[in-house]
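The values are calculated or read from the model by the stated rules, or taken from the named source; none is laboratory data. As the structure is a prediction and not an experimental result, all values here were calculated from the model. Cβ: placed from backbone, ideal geometry, glycine included. Neighbour counts: every protein chain shown.
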Amino acid sequence: MAIILSPFEVLYGAMTFIGVVISVLLGILIAFKYFKFKKIDFLLVGLTWIFLVSPYWSDAIQFIAITMFGIELNPNLYYFIANAFIAPIHVVWIYAISDFLFPIRKKALVAIFSIEAIAFEALFLGMFFLDPALIGDQKSWFVVEWAIWIQIYLLASITLFLITGFLFAGRSLKSPNKDLKLKGKFLIVAFLCFTVAAVIDVVGAETPNELAIFLARTFLIVSSICFYIGFIMPRFIKGLFIQE
């Protein structure tokens, strides 16, 4: 039997899919700069952004599966896709920015966040194989009531990204170099917009509405574009804001 989505579900799925595609593509473009400049930072930052939107992957895939193939994701697979890649982001991101922010404490920080990530993955996989209902309760195609420990971890992840992102962007803003200052401004916008998008999604996960979804996905798309500009700074953007 064909699956019929409501207008709200179409909006939800379509905007999530668009947001994920844009974010992943821009993350790939950043990562590919590694092959041009041979700097591991580009690869790590690109991968960070790709996996940072991994909690949205399940909804994007769900939308395509339903609209194109008339099937739905298995709830267990949905839970896995939405949560399994969050913890590794912490390690990759901390490793990427430690050279800029905490070079002396890099090894210690990477070790701490590696332990934290392994602990979460062990807990998550344990719950996943023991009883997926301990992870969440799927209310509809795109709405899941996540367990409180998942919600706390998501909010902690958002906080970590926001604080470190602001510190990272702040270093650029303090630079006398005009290019770096401009990059810092775009990164500030990126981190703010992503945080707003994520908070809207986490807080309103159980009772989403059209306005919340529109705002959350719009902020997500804007954050991805600003993140890309903040790291790559295309020439035409530089020309718009910096007069030689």
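Pick from segment 147-201 the residues that are crowded, with 19+ Cβ neighbours inside 10 Å and of a type in the set (D, E, K, R): which of them is modelled with the lowest pLDDT? Across segment 147-201, the extreme among qualifying residues is Asp201.
I'm trying to understand the selection: among the residues of segment 103-130, which are charged (D, E, K, R) and either in a helix (DSSP H, G or I) or at positive phi (or both)? Hits for segment 103-130 are Lys106, Lys107, Glu116, Glu121.
Would it be correct to say that Asp41 is surrounded by 17 or more Cβ atoms within 10 Å (Cβ to Cβ), farther than 26 Å from Thr218 by Cα and charged (D, E, K, R)? Yes; evaluated as a whole, the condition is true for this residue. Annotation: of all residues in segment 8-49 being assigned to a helix (DSSP H, G or I) and of a type in the set (D, E, K, R), the one that is farthest from Trp93 (Cα to Cα) is Glu9. With respect to (1) out of contact with any Asp or Glu (no Cβ under 7 Å at 6 or more places or on another chain); (2) buried (at least 20 other Cβ atoms within 10 Å of the Cβ); (3) farther than 14 Å from Tyr228 by Cα, the lone exception for Gly13 is condition (1).
Here is a yes/no grid of residues against (1) in contact with a Leu (Cβ under 8 Å, 6 or more places away or on another chain); (2) crowded, with 20+ Cβ neighbours inside 10 Å:
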{"site": "Ala216", "(1), (2)": "no, yes"}
{"site": "Ser224", "(1), (2)": "yes, yes"}
{"site": "Arg235", "(1), (2)": "no, no"}
{"site": "Lys238", "(1), (2)": "yes, no"}
